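Reviewing the structure listed below.
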Amino acid sequence: MTIAMIVAVGQNGEIGQNRELPWGHVAEDMKRFVRLTSGHAVLMGRKTHESIGRLLPNRQNFVATRQGTVLPGAIAVHDLQAFLETWRDSDQLLWVIGGAELYSYAEAYAQRLEITRLSGNFQADTFFPSMNWSWWERSNLESEPSFSNPQVTGIVFQTWKKVSGWQSPLYNHSAARTDEQRAEMERLEQAIECHFCFRDRADEIILENAHWLVVKNTFPYANTALHLLVVPKKHYLSLSEMPDEFRQSYLEIVATVEGHFELKAYSHFMRVGTMARTGASIAHLHAHIIVGNPDAQDEPVRVKLAT
Ligand SMILES: NC(=O)c1ccc[n+]([C@@H]2O[C@H](COP(=O)([O-])OP(=O)(O)OC[C@H]3O[C@@H](n4cnc5c(N)ncnc54)[C@H](OP(=O)(O)O)[C@@H]3O)[C@@H](O)[C@H]2O)c1
Ligand SMILES: [Zn+2]
């Protein structure tokens, strides 16, 4: 076990307010945080690093930032994916300590999640991101009887273990359209990695909102002038397992694509569920946006759909 995440969350998913913790200081939680993380490496987002305002002692402090500066003694991490991949393969423990952006990014790499659930009424502007809960199983639960902070009416510590990661099969090899695509699918299948969950890997992100991203299809269909994929930022296989906020922001991202590319006419379809039936090459739900090549009118875009 090499990457773990630790977070304190209110009843409504609250984790931050005005760059601080919504409840201020909770001694019982802090004690546990220090006990678990001391002597190990910690990774945080640049905003969390600024809000802490100092190095966490007895811990190697890594700070994710695209271009910001970090305090002397802290180590800036620019390539978050490469960094997490390296730690995942090492036998040292790395704690991802927030905030929201970092938890969301690191979920695919983490094997353990420590959550402190705090009861009380808290104001918040930052929330714990939605996790793929089917990947996680709660392995321990402890309640803390004493609350030093008068705003807090209950404290429960939960330990979660990653049980599955991605479900097999992740790829439908018979849907590959080129040898290159088949080879890439075989490589990812062996590594048990979802191409869309490791979204920085290959595709250039063209547009995004909080829950969806739009990438160019690495392997566009023949006779397309434009071939985009609209992909949720979490590994869902169907619309019904998606939280409301994902479903609600879907048409918004499609409309953004229309505006961005000034699309007057395009085809748009989604593959949902079992790849063997939908013709999809990857299990992670996704939609296609396709504009045909106007110079190839006699050669329509051919798509293999439900079987
Ligand atoms: N309750 C808890 O347990 C807990 C724990 C931690 C934090 N918090 C709270 O959470 C809030 C902060 O969370 P947040 O989501 O706003 O910010 P954050 O995750 O702490 O930091 C976001 C920053 O991390 C960097 N970053 C994100 N993704 C990256 C990537 N792929 N590659 C490189 N750098 C990347 C970027 O820094 P640059 O902008 O510099 O590029 C980004 O602005 C605060 O209110 C804090 O108090 C709560
Ligand atoms: Zn995925």
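At a Förster radius of 35 Å, what calculated FRET efficiency corresponds to the Cβ-Cβ distance of Met30 and Glu252, to the nearest 0.05? Plugging the Cβ-Cβ distance into 1/(1 + (r/R0)^6) gives 0.35. Over all distinct Cα-Cα pairs of region 3-162, the Kirkwood formula returns a hydrodynamic radius of 16.0 Å.
Would you tally the net charge around Thr2, using a Cβ to Cβ cut-off of less than 14 Å, leaving Thr2 out, and scoring K and R as +1, D and E as -1?
+1
Could you compute the FRET efficiency for Gln151 and Gln92, with r as their C-beta to C-beta distance and R0 at 41 Å, rounded to 0.05? Efficiency at R0 = 41 Å is approximately 0.70.
Take every Cα pair under 8 Å whose residues are at least 6 apart in sequence, average their separation, divide by the length of the chain, and the relative contact order is 16 percent. For Glu299 and Thr69, the FRET efficiency from 1/(1 + (r/R0)^6), where r spans their Cβ atoms and R0 equals 35 Å, is about 0.05. Counting charges near Ile52 (Lys, Arg +1; Asp, Glu -1) among other residues having Cβ under 12 Å from its Cβ returns a value of +3. Taking the empirical scaling 2.2 N^0.38 Å for compact globular proteins as reference, the chain has a Cα radius of gyration ratio of 1.12.
For the peptides 131-139, 97-105, the ranking by mean Cβ contacts within 10 Å, running from highest to lowest, is 97-105, 131-139.
Other residues whose C-beta falls under 12 angstrom from the C-beta of Val34 contribute a net charge of +2, scoring Lys and Arg +1 and Asp and Glu -1. Take every Cα pair under 8 Å whose residues are at least 6 apart in sequence, average their separation, divide by the length of region 3-162, and the relative contact order is 33 percent. Any lysines with Cα under 26 Å of the Lys161 Cα? List them, leaving off those in the same chain fewer than 8 positions away. Cα-Cα hits under 26 Å: Lys31, Lys233, Lys234. Put in line by how crowded their Cβ is, counting other Cβ atoms within 10 Å and starting with the fewest, Glu262, Glu107 read Glu262, Glu107.
Bear in mind that the values in this text are calculations on the coordinates, not laboratory data. Because the structure is a prediction, the values reported are computed rather than measured. Ideal geometry is used to build each Cβ from the backbone, glycine not excepted, and the neighbour counts take in all protein chains shown.
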